Amino acid sequence: MASPRAERKKPGNHNDFVQLCNPHVAAMKEDVLYHFNLSTGTHDFPAMFGDVKFVCVGGSPSRMKAFIKYVAVELGFDHPGADYPDLCESTDRYAMFKVGPVLSVSHGMGIPSIAIMLHELIKLLYHARCSGVTLIRIGTSGGIGVEPGSVVITRQAVDACFKQEFEQIVLGKRVVRNTHLDERLVQELARCSADLGGFPTVVGNTMCTLDFYEGQGRLDGALCSYTEKDKQRYLRAAYEAGIRNIEMESSVFAAMCNACGLPAAVVCVTLLDRLQGDQISSAHEVLAEYEQRPQQLVGCFIKKRLAAA
Ligand code: R2B
Ligand code: URA
């Protein structure tokens, strides 16, 4: 097994400039961030993004636009009717919005989609000479043994075998990266949840899978190779391993942020309890309200951090 060299920089602090784990980029005359439709040759990254301190990422473009609108009002940067242009013009691969020190970026579904976005996002922060940046993924998930609508703050991102690692094939070899997340952020976010009240929040492990259906032990996909009993056994073993929710991006998010020394956190709401079923069938308004919960928690966190700065 190949081990990544020179990774796992010390955790960032507020004077840390964003660094890459790739010596080749510094030597490039121009860097085209293809999926953002942004380039160092055509855009002034330090002017556009140099003041970014908080980057929030989430699956859907509309949710990330709603987040920037919410946070702009919450932090007193703007009025409720303000609109925000998508900074990734002429591409719909990802969407990006900014207000003050907060950047909000969509990443699509699954590990490959978020990984591509994160390569370009971390390079963007590096080219912009950003320092003291915190990254938070806000999203949805399936809960295990928790009330639907609960927010899970991830302590450890684990794979489908409950291991705290992210494996990728690089040049034909297995590379395994650590999925360490920042414990201080976990505690800060948990305190925000206590301050906010209003919805249940738990700190627990998050399982990251490659698929929504069989990969998460669902019985309702187009394929299913196991029984209800097998599914229950697996999900209960996951619960015993401290896993409280399942989603599809946390492991590579944690691994990439960790390798680049960026403090990172994952905050996901649970849409259902997977011990009780597989289908997400709650009313649209119920799900829409659930989806606002991670936004509220992270809005509160940013507000407190800015007040303390
Ligand atoms: C949560 O929800 C999506 C699947 O519905 C996926 O992106 C995830 O992690
Ligand atoms: N997202 C997931 O990945 N799984 C769920 O069950 C719900 C949302």
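Per-atom-type breakdown for the stretch 199-309 gives carbon and sulfur 55% of the accessible area (1.4 Å probe, protein chains only).
Among the chymotrypsin sites (Phe, Trp or Tyr not before Pro) in the stretch 223-309, those located in a DSSP loop and surrounded by at most 14 other Cβ atoms within 10 Å of their own Cβ are Tyr226. Quick one: net charge around Arg129, please, counting Lys, Arg +1 and Asp, Glu -1 for every other residue with C-beta under 15 Å from its C-beta. With Lys, Arg at +1 and Asp, Glu at -1, the net is -2. Distance from the Cα centre of the stretch 103-148 to that of the stretch 152-190, in angstrom? Distance between centres, Cα-based: 13 Å. Taking a straight Cα-Cα cut-off under 21 Å and skipping sequence neighbours fewer than 8 places away in the same chain, the lysines within cross-link reach of Lys69 are Lys53, Lys98, Lys303, Lys304.
Taking 4.7 Å between C-beta atoms as the pairing limit, the chain has these partnerless cysteines: Cys21, Cys56, Cys88, Cys130, Cys161, Cys208, Cys224, Cys257, Cys260, Cys268.
With a ≥ b ≥ c the root eigenvalues of the C-alpha gyration tensor of the stretch 5-142, is it rounded (a/c under 1.5), prolate (a/b larger than b/c) or oblate? It comes out rounded by the Cα gyration axes. Given a 1.4 angstrom probe, I'd like the percentage of the accessible area of the stretch 44-156 that is carbon and sulfur, rounded to a whole number. Roughly 53 percent, rounded to a whole number. Take the Cα of Gln232, step 7 Å toward its Cβ, do the same at Lys173, and the gap between the two points is 4.6 nm. Length gained on full extension, His119 to Lys163: 13.5 nm, using 0.36 nm per residue less the C-alpha separation. For the stretch 150-309, rounded, prolate or oblate, judged on the Cα gyration tensor with a ≥ b ≥ c (square roots of eigenvalues), a/c < 1.5 rounded, else prolate if a/b > b/c? Oblate, since a/c reaches 1.5 and b/c is not below a/b. Compared with the direct C-alpha span, the chain from Asp83 to Arg129 gains 13.9 nm at full extension, assuming 0.36 nm per residue. Ignoring lysines fewer than eight residues from Lys173 along the same chain, the ones with Cα atoms less than 22 angstrom from its Cα are Lys163.
Label separation (Glu289 vs Gln19): 4.7 nm, computed from points 7 Å beyond Cα along the C-beta direction.
A quarter of the convex hull surface defined by the alpha-carbon atoms of the chain gives 16.5 nm² as the mean projection. Label positions at Ser281 and Ala222, each projected 7 Å from the Cα along the C-beta direction, are separated by 2.2 nm.
Hey, got the dipole for the stretch 193-262? About the Cα centre, +1 on K and R Cβ, -1 on D and E Cβ, debye to the nearest 20? Provide the component values of the computation, followed by the final result.
On the way: 6 positive and 9 negative charges, 45 e Å.
Dipole magnitude for the stretch 193-262 comes out near 220 debye.
Between the residues Val158, Thr134, Val170, the greatest Cα displacement towards the positive end of the dipole of the stretch 127-171, with unit charges on the Cβ of Lys, Arg, Asp and Glu, is found for Thr134.
What size of dipole, in debye to the nearest 20, comes out for the chain about its Cα centre when the only charges are +1 on Lys and Arg C-beta atoms and -1 on Asp and Glu C-beta atoms?
Working: 32 positive and 34 negative charges, 191 e Å.
Using Cβ point charges on Lys, Arg, Asp and Glu, the chain gives about 920 debye.
With charges set only on the Cβ (+1 for Lys and Arg, -1 for Asp and Glu), what does the dipole of the stretch 103-205 come to about its Cα centre, in debye to the nearest 20? Show your work: numbers first, answer last.
Working: 10 positive and 9 negative charges, 75 e Å.
Here the size comes out at about 360 debye.
Ordering Phe67, Cys56, Pro148 by Cα displacement along the dipole of the stretch 46-172 toward the positive end leaves Cys56 in first place; charges were set at the Cβ atoms of Lys, Arg (+1) and Asp, Glu (-1). In the full protein context, the chain carries 46 Å² of accessible surface per residue, based on a 1.4 Å probe and ignoring ligands, DNA and RNA.
The values are calculated or read from the model by the stated rules, or taken from the named source; none is laboratory data. Bear in mind the structure is a predicted one, so any value in this text is a computation, not a measurement. Reconstructed Cβ throughout: ideal geometry from the backbone, glycine too, with neighbour counts over all protein chains shown. With ligands, DNA and RNA removed, areas are computed over all heavy atoms of the protein, side chains included. Shrake-Rupley method; radii C 1.70, N 1.55, O 1.52, S 1.80 Å.
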